[in-house]
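Heads up: the structure comes next, in structure tokens.
The values are calculated or read from the model by the stated rules, or taken from the named source; none is laboratory data. None of the values given here were measured: they were computed from a predicted structure. Neighbour counts are summed over all protein chains in view; Cβ atoms, including those assigned to glycine, are modelled from backbone coordinates with ideal geometry. Ligands, DNA and RNA are excluded from the accessible area calculation, which covers all protein heavy atoms including side chains. Shrake-Rupley method; radii C 1.70, N 1.55, O 1.52, S 1.80 Å.
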Amino acid sequence: MLKKLFAPTDLTQGTPWKGILQFTFPMIIGNIAQQLYSTVDSIVVGQYVGDNALAAVGSAMPILNMLLVLFVGISAGVNIMVSQYFGAKNREGLSYSIGNGLTVTAIACLILMLAATPLVKPMLVMLNTPETILQGCYEYLMISVIGIAGMAYYNILSGIIRGMGDSVSVLIYLLVATVINIGLDIYFVAGLNMGVAGVALATVIAQGISSVLCIIKLARMRQEFDFKSKFFAPKAQYVKTMIRLGLPSGLTQMIMSSAMIVVQSLTNQFGEQFIAANVVIMRVDGFAMMPNLSFGMALTTYAGQNVGAGRYDRVTKGAGQGTLLAVLFSTVITGVILLFGKGLMGVFTDTRELVDLSYRLMQILAVGYIAVAVTQSLSGIMRGAGDTVTPMWISLLTTVVVRVPLAYGLCYLTRTPELPIGRQECIQISLVSSWVLGALVTTIFYRLGRWKKKAIKQ
């Protein structure tokens, strides 16, 4: 029984919703654990260092996400290839996808470390980062960039393992790393007084450990694929497919991160307290988004395996059942946030004004999580089938065309002598508006069915 729990799962068999839920549940727990990385960072610096340190960590995150677009693309491409080749029982294609994915990741890590290091401080200055938090942001980003390999390989390796239907092993390794991260956070910050640099170092070490555990697991899965040196040598057919599938997902992440950075520049103008409030919101938002992201990732694997097996009837059925599950989870989470939001905000800071501001802004966002559930689920189906371009264009529409202009426009229209920059709530209103539009457009393109023609040729 235990061996079966940690074994690859064939999602082309059985009742769709049961398989999706069974596969998704460990991912929800795992994604919550992963969110604890940044949440514990925020709690520790907020409680032991202060609100400015909390703001420093939050201001660094959009830039860090921007720097990770390479790995988002690689991970997305490899995950789709692995799930489709696994579903088709194509051992050679699966072996080359895994080996080439690990090699390309190593190259990307080297490029990022060399290219990003000299750009960190100029980017922070360009974004009007307040002088009081500039050094903290810089330290957090530099340590994260130098230790990027752990984060990159965990994301790639966990995606590969999940693509073969094993979400439980990834969960166990992540839980181990999360416990290590929490312990190191407290030791480095409360014990050694390392401040923001301490939480960054703790995260880098914990993610490195989780990636090592994943590679050990992968090396033991040789009954599914061949783990030989020849499969690590880049092969044009597989690298091109990886780029074709992964580039749109990487660009999607870049678009979203770019929009966050542009909006962050506006956010910074409201001052340290509003920046800190947004950090608190992002942490709670991260947990609220976990079911949506988990169902999206699970449906990518589900669709990939069934498309690889030629079971489009199961893909359609699973899309409806999986989306309904995601909406139900999001509805419950929205209720929890609305009922217990102030208590959640109080975990991060003792400053009453900051708690009240964070809760007021969070109430605006809460209503949008159901829309995100629809977007993530149906986008996951399209990506798993090989259509990563359509979700990219939808992200471009909702973030660049809608969210950024709406945020600046609403702030401009609400300016008064007392509020020279505008109302703070405009930032959250623009985000919710983009979420609702994204759900509508994604549903339309899913129903058009063009994603059914994008499968990898076996």
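For the condition open to solvent by 10 Å² or more (accessible area, probe 1.4 Å), among the polar types (S, T, N, Q) and outside any helix (DSSP H, G or I), what is the one hit in 323, 398, 416?
Values: 323 fails: outside any helix (DSSP H, G or I); 398 fails: outside any helix (DSSP H, G or I).
Only one candidate qualifies: 416.
So which pairs qualify, if the first residue must be in segment 187-198 and in contact (Cβ under 8 Å) with a residue 60 or more places away in the chain, the second must be of a type in the set (Gly, Ala, Ser) and surrounded by 14 or more Cβ atoms within 10 Å (Cβ to Cβ), the Cβ gap must be under 6 Å, and the two must be at least 6 apart or on different chains?
189/198; 196/53; 196/56; 196/136
Report yes if some residue within segment 259-274 is in contact with a Phe, Trp or Tyr (Cβ under 7 Å, 6 or more places away or on another chain) and assigned to a helix (DSSP H, G or I); otherwise report no. If you could, list the steps in order and put the result at the bottom.
Of all residues in segment 259-274, those in contact with a Phe, Trp or Tyr (Cβ under 7 Å, 6 or more places away or on another chain) come to 266-267.
From the residues that got through so far, the ones that are assigned to a helix (DSSP H, G or I) too are 266-267.
Yes: one or more hits.
Mind telling me which of the residues 177, 190, 152 ends up being farther than 21 Å from residue 69 by Cα, among the hydrophobic types (A, V, I, L, M, F, W, C), open to solvent by less than 20 Å² (accessible area, probe 1.4 Å) and in a helix (DSSP H, G or I)?
So the residue among 177, 190, 152 that is farther than 21 Å from residue 69 by Cα, among the hydrophobic types (A, V, I, L, M, F, W, C), open to solvent by less than 20 Å² (accessible area, probe 1.4 Å) and in a helix (DSSP H, G or I) is 177.
Test residue 103 against the criterion of being assigned to a loop (DSSP other than H, G, I, E, B) and more than 20 Å from the chain's Cα centre (by Cα), and give yes or no. It would help to see each step written out before you state the result.
On the way: assigned to a loop (DSSP other than H, G, I, E, B): no; more than 20 Å from the chain's Cα centre (by Cα): yes.
Judged against the criteria, residue 103 is not a match.
Suppose we keep only residues that are of a type in the set (A, V, I, L, M) and not in a helix (DSSP H, G or I) within segment 419-432. Which one would you say is nearest to residue 252 (Cα to Cα)? Give the steps one after another, and end with the answer.
In the first step, residues of segment 419-432 are kept if they are of a type in the set (A, V, I, L, M); the result is 419, 421, 427, 429, 431-432.
Now narrow it down to the ones that are not in a helix (DSSP H, G or I): 419, 421.
Values: 419: 34, 421: 29 Å.
Per the stated criteria, the residue is 421.
I need the helices (runs of 4 or more DSSP H) fully contained in segment 1-73, keeping only those with at least 2 residues that are more than 26 Å from residue 142 (Cα to Cα) and at pLDDT 75 or above. Walk me through it before giving the result.
Numbers: elements: 2-5, 16-48, 51-67.
Helices (runs of 4 or more DSSP H) meeting the threshold: 16-48.
Give the number of residues within segment 356-395 that are assigned to a helix (DSSP H, G or I), over 16 Å from the mean Cα position of the chain (by Cα) and touching a residue at least 40 places away in the same chain (Cβ under 8 Å).
Filtering segment 356-395 down to residues assigned to a helix (DSSP H, G or I) leaves 356-366, 369-384, 389-395.
Restricting the remaining residues to those that are over 16 Å from the mean Cα position of the chain (by Cα) gives 356-366, 370-371, 374, 378, 381-382, 384, 389-390, 393-394.
Checking which are touching a residue at least 40 places away in the same chain (Cβ under 8 Å) leaves us with 357-358, 360-362, 364-366, 370-371, 374, 378, 381-382, 384, 389-390, 394.
Total satisfying the criteria: 18.
Taking segment 229-242, which residues are of a type outside the set (Phe, Trp, Tyr) and either surrounded by 17 or more Cβ atoms within 10 Å (Cβ to Cβ) or under 11 Å from residue 81 (Cα atoms) (or both)?
Listed by number, the residues that qualify are 239, 241, 242.
Tell me the residue from 336, 280, 284 that is surrounded by fewer than 22 Cβ atoms within 10 Å (Cβ to Cβ) and aliphatic (A, V, I, L, M), please. I'd like the intermediate steps shown before the answer.
Working: 280 fails: surrounded by fewer than 22 Cβ atoms within 10 Å (Cβ to Cβ); 284 fails: surrounded by fewer than 22 Cβ atoms within 10 Å (Cβ to Cβ).
336 is the lone residue from the list that is surrounded by fewer than 22 Cβ atoms within 10 Å (Cβ to Cβ) and aliphatic (A, V, I, L, M).
If residue 405 satisfies all but one of (1) in a helix (DSSP H, G or I); (2) at pLDDT 85 or above; (3) crowded, with 18+ Cβ neighbours inside 10 Å, what's the number of the condition it fails?
Here residue 405 clears every test but (3).
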